[in-house]
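Have a look at the structure below before the remarks.
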Amino acid sequence: MEKITAPRGTKDVLPSESHQWQYLEAKLRDVARRFGFKEIRFPTFEEYHLFCRGVGDTTDVVQKEMYDFYDKGERHIALRPEGTASVVRSFIEHSLHAQTLPLKVFYIAPNFRYEKPQAGRLREHHQFGIECFGSYDASSDAEVISVAATMLEELGLSNIELHINSCGCPNCRPAYHTALKEYFESKKADLCGTCLDRLDRNPMRILDCKSPVCSEIAKDAPIITDYLCDECTAHFAKLREYLDAAGIAYVCDPRIVRGLDYYTNTVFEFITDSIGAQSTICGGGRYNGLVESLGGPKTAGLGFGSGLERLLLTMEAQGATFPEPDTPDLFLAAMGEEADRAVQTLVYELRKLGVAAERDTCGRSLKAQMKYADKLSAAYSAVIGEQELIDGKIALKNMQTGEKSDCDLSASAIFAHIMEGEE
């Protein structure tokens, strides 16, 4: 019979690896908590048109990468390719705009994109994201960026550059679109088919094309910062003031536009070359018109996303320290049927007290049980047999030092002994 394997572009997280994910997620949750962000959870699939309207039908995500299908009720459904549109849909649906603003949320969730699998970029990948609604002030932009900077610093990462830009607003962007269109019109013979379609609909998307030919052409295209209105110019200047005040270093990069249509004003990326070619490990920006475009009230919004797989790869490449995986506090071995029943009772009672207790469930000999305890890296072990049951005492062995100490044969006494040993 043919072996079934995981679909291409997906990856199992094995028990030997999961502690690294748990450590990473705990760090991210803690940073989010300190900055006042609360968790939001949302469905894995949404109405297809949410992403067409929210992400943009001229983006690679919608045109090339989205997993979409018709369900049994003939509804057009898509697996979520990114988190922001889902958060905005929830923000509108549940009238969260009626709450005290700004509303600050975070999420850790899988996303799905049909693209060529590579290191840190899978068809199912996991993302940590934050979103902030209700503030137009540049201080919010600086705060969102500082969340990302704190996250990366506390994960032990270095040699990461923050690149920032402003991609304008509906007032100043039309003039920039005109300039881009004029430039790319003169190069249209060399543009890919997708970019030819974008030329009339949204020429800014050509700047984000992954085609080497289009990327080369885009290097000499006009830059958005030459076309910013006074308000956008002032907002970008204020952002830089706040970043300077916080001591967050940055590079002004007029080529950053990000890959989604909803961005306005601030866009940013944290970039590293630790996992091969220059790679973005965190990116985001402001999307002041997105809530309104999806049917909600006019509301400012901004946020970022960071892929967990890419963060873990970068941590590994830079030699970041992970805690050791959890191991049992105690292994209880049994000799004989009566002792086996006693071990079962003790293990159950110890676990209720908070002790990570283990026992053999495979019918091993005593010698094999002790080898098993060693493989589990248990902190303590003890053998319970006929004499221990008669005496009401066991010898707890410290598996690191080999030292043994007598202990009453009760869950409370064993618990106290183990807690004393950990102090």
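The figures follow:
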item	result
Leading residue at positive end of dipole, the chain (Cβ point charges), from His177, Thr264, Met151	His177
Cleavage-rule hits, trypsin sites (Lys or Arg not before Pro), region 19-91, DSSP coil, Cβ neighbours within 10 Å at most 13	Arg41, Lys72, Arg75
Sorted by Cβ density within 10 Å, fewest first, the residues Phe304, Phe322	Phe322, Phe304
Label point 7 Å beyond Cα of Ile223 along Cβ direction - residues of region 184-210 with amide nitrogen under 17 Å	207-208
Of the trypsin sites (Lys or Arg not before Pro) in region 172-215, those whose Cβ has at most 15 other Cβ within 10 Å and which sit in DSSP loop	Lys210
For region 104-143: relative contact order, % (alpha-carbon pairs under 8 angstrom, 6 or more apart)	43
Distant alpha-carbon pairs in region 190-282 (separation over 24 angstrom), percent	31
Sum of -39500 (n - 2.57) over DSSP H runs of 4+, divided by residues of the chain (222 nm, nearest 500)	-11000 deg cm²/dmol
In region 227-305, the trypsin sites (Lys or Arg not before Pro) that fall in loop regions by DSSP, at most 15 other Cβ within 10 Å	Arg255, Lys298
Residue-by-residue Karplus 3J(HN,Hα) for region 299-316, coefficients 6.51, -1.76, 1.60, Hz, glycine and proline x	8, 5, x, 6, x, 8, x, 9, x, 5, 4, 5, 4, 5, 4, 5, 4, 5
Under 11 Å from the His76 label point (7 Å along Cα→beta-carbon), backbone N, region 34-60	48-53
Partners for Lys104 among lysines (Cα-Cα distance below 30 Å; same-chain residues under 8 apart left out)	Lys27, Lys38, Lys238, Lys298
Vicinal HN-Hα couplings computed from phi for region 122-135 (Karplus, 6.51 cos²θ - 1.76 cosθ + 1.60; Hz; Gly/Pro x)	10, 5, 10, 10, 10, 10, 9, x, 10, 9, 10, 10, x, 10
Diffusion coefficient, µm² s⁻¹, Stokes-Einstein with Kirkwood Rh over alpha-carbon pairs of the chain at 37 °C and 0.692 mPa s	131
Region 279-296 - phi-based ³J(HN,Hα) in whole Hz, Karplus 6.51/-1.76/1.60, Gly and Pro as x	9, 8, 9, 7, x, x, x, 9, 9, 5, x, 5, 4, 5, 5, 9, x, x
Built amide H within the under 5 Å cut-off of Ile77, gap 5+	Tyr48, Phe69, Tyr70, Asp71
Dimensionless Rg/Rh of region 330-422 - Kirkwood Rh, Rg from C-alpha atoms	0.91
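No lab work stands behind these numbers, since they all come straight from the coordinates. None of these values were measured; they are calculated from a predicted model. Positions of Cβ are generated from backbone atoms using ideal geometry, with glycine treated the same way; all protein chains shown enter the neighbour counts.
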